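Report on the structure given below.
Every number here is computed from the coordinates shown, using simple stated rules; none is lab data. These numbers come from a predicted model, not from an experiment. Cβ placement follows ideal geometry from the backbone for every residue including glycine, while neighbour counts extend to all protein chains displayed.
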Amino acid sequence: MNIDDVFLKNMFSKNSLPLGMLYGFIPSLLVWLLCNYILNNEAFVMDKPAAPYLIAICLNLLLLRYAAKKHLDEMSRGIMLITFVCMLLVFIFKMQAR
């Protein structure tokens, strides 16, 4: 077994930081795709510009609560990290757009 096999095995174990980061990124990506491409910015939630971001945060908080309840500490850290980074990027890009 070489180092790459060990890394991949650890990366996708049940309680890992990279897997938590992946799980944290998926809701943000899905909400963004839903609002921008599927609904074409014409849904009722688009009348309120912060609604898609709040939906993504709520979904990530649900995932975070589940991971914390199951004592998956590394996964919880990954979900928190990605939630914070995504919302920081949204804030930066929204401030630049003004």
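Numbers for the structure displayed
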| quantity | calculated |
| --- | --- |
| Complete set of residues in the stretch 54-75 that are assigned to a loop (DSSP other than H, G, I, E, B) and loosely packed, with under 13 Cβ neighbours inside 10 Å | K70, H71 |
| Matching residues, the stretch 64-97, being of a type in the set (V, I, T) and touching a residue at least 12 places away in the same chain (Cβ under 8 Å) | I79, I82, T83, V90 |
| Filtered residue count, the stretch 76-98, keeping only those that are in a helix (DSSP H, G or I) and either of a type outside the set (A, V, I, L, M) or touching a helix residue (DSSP H, G or I) at 6+ places or on another chain (Cβ under 7 Å) (or both) | 16 |
